[in-house]
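Accompanying notes for the structure given below.
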Amino acid sequence: MTEDIWKLGFFALFVVWFLVRAYYGRKAKAGRSDHKVRPVFESCLVGLNFIGMMILPLAAVFTPWLDSFSMNIPDQVRLLFLVIGFFNVWLFARIHADLGKNWSPVLEIKQDHTLVKSGIYKRIRHPMYAHIWLWVIGQGIILDNWLVLVFGVAAWSLLYYLRVPKEEEMLITKFGDEYREYMKTTGRVIPKI
Ligand code: SAH
């Protein structure tokens, strides 16, 4: 019974997160692209992340199949991560609002692409990726499921470490010294104070 309440809590979080992505994703689609990069290997990693962030957590919510992967995490810790999760979704909406039409699920430079350096982006270059780190950790803890935790973190680690150097290289090619200067005053996923 209490497990159902945690599942419901996570699902509520998931729905809000999904709606934020759908709302801003639609808006960002308007910007046409000059240059898209989606190699086959990266597409496979995106597929793994789809399993890690959609299929497995939703299977944990709606089926009993993954119930045996419990770690017996204390309720207080799960509640803490649920609260952090809602804060993280609020952050997600702010990140999307700051990035605007420059957002894309793949690496690309849009027509009229601008370099965002303010708002959340003032001290951190990859707030959306920081958000995903927190998300993949949080989902495994809220659902108290080590398969969801390990798979989610592993799949995201692979994509993150493959993508970030390429993304920064692409932005340096586009914005040159402006991006290099921006790199000096920001952290990748931990804000530079
Ligand atoms: N890595 C960023 C953005 C993720 S969305 C973050 O974690 O917040 C991916 C797209 O964002 C890429 O196609 C890239 O072109 C674009 N992008 C990344 N940083 C940007 C910035 N500071 N300003 C504008 N666009 C950016």
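The values are calculated or read from the model by the stated rules, or taken from the named source; none is laboratory data. Values in this document were obtained by computation on a predicted structure and should not be read as measured data. Reconstructed Cβ throughout: ideal geometry from the backbone, glycine too, with neighbour counts over all protein chains shown. Side chains are part of the model used for accessible areas, which takes the heavy atoms of the whole protein and leaves out ligands, DNA and RNA. Shrake-Rupley method; radii C 1.70, N 1.55, O 1.52, S 1.80 Å.
For the stretch 1-87, what log10 I(q)/I(0) values come out of the Debye formula at q = 0.12 1/Å, with one point per alpha carbon and no solvent? Each listed q corresponds, in turn, to -0.53. Under the convention that each Lys and Arg Cβ holds +1 and each Asp and Glu Cβ holds -1, the size of the dipole of the stretch 92-146 around its Cα centre is about 300 debye. Taking 19 Å as the straight-line reach from the Cα of Lys110, the lysines in range (excluding those fewer than 8 positions away in the same chain) are Lys27, Lys29, Lys36, Lys101, Lys166, Lys174.
Under 5 Å from the amide H of Gly187 lie the amide H atoms of Ile124, Arg125, Lys192, each residue being 5 or more positions distant or on a separate chain, with H modelled from the backbone and absent for Pro and chain starts. Among Gly176, Met54, Phe18, flag the residue with its Cα farthest along the positive direction of the charge dipole of the chain, charges on Cβ as +1 for Lys/Arg and -1 for Asp/Glu. Working it through, the farthest residue towards the positive pole turns out to be Gly176.
Residues whose amide H lies under 5 Å from that of Leu107, counting only those 5 or more places away or on a different chain, are Val37; hydrogens are built 1.01 Å from N in the peptide plane. Over all other residues within a Cβ to Cβ distance under 15 Å of Thr2, the charged ones net out to -3, with Lys and Arg as +1 and Asp and Glu as -1.
Considering only protein heavy atoms and a 1.4 Å probe, what is the carbon-and-sulfur percentage of the accessible area of the chain?
Answer for the chain: carbon and sulfur cover 67 percent of the accessible area.
With a cut-off of 15 Å between beta carbons, the residues surrounding Val46 carry a summed charge of +2, where Lys and Arg count +1 and Asp and Glu -1. The helix-only estimate of mean residue ellipticity at 222 nm for the chain, built from DSSP H runs of length n ≥ 4 each weighted as -39500 (n - 2.57), is -22000 deg cm²/dmol after division by the residue total.
Label reach from Ala59 (point 7 Å along Cα→C-beta): in the stretch 121-149, amide nitrogens under 20 Å belong to 136-149. In order along the stretch 97-108, the phi-based Karplus estimate (6.51 cos²θ - 1.76 cosθ + 1.60, θ = phi - 60°) of 3J(HN,Hα) comes to 5, 5, 6, x, 6, 6, 5, 7, x, 10, 6, 7 Hz; Gly and Pro are listed as x.
Pair-distance distribution of the stretch 46-99: all C-alpha pairs, bin width 5 Å, starting at 0; shares per bin in whole percent are 5, 15, 13, 21, 26, 12, 6, 3, 0. With both labels modelled 7 Å from their Cα along Cα-to-Cβ, the Ala22 to Ser70 distance reads 3.2 nm. Using only alpha-carbon positions in the chain, the gyration tensor eigenvalues give semi-axes of 32, 17, 15 Å once each is multiplied by 5 and square-rooted (largest first). Sorting the segments 134-147, 52-65 by their mean number of nearby beta carbons within 10 angstrom, highest to lowest, gives 134-147, 52-65.
Taking every protein chain into account, the accessible area of the chain amounts to 55 square angstrom per residue (probe 1.4 Å).
Computed about its Cα centre, the charge dipole of the stretch 28-187 is approximately 420 debye, with only Lys, Arg, Asp and Glu carrying charge at their Cβ.
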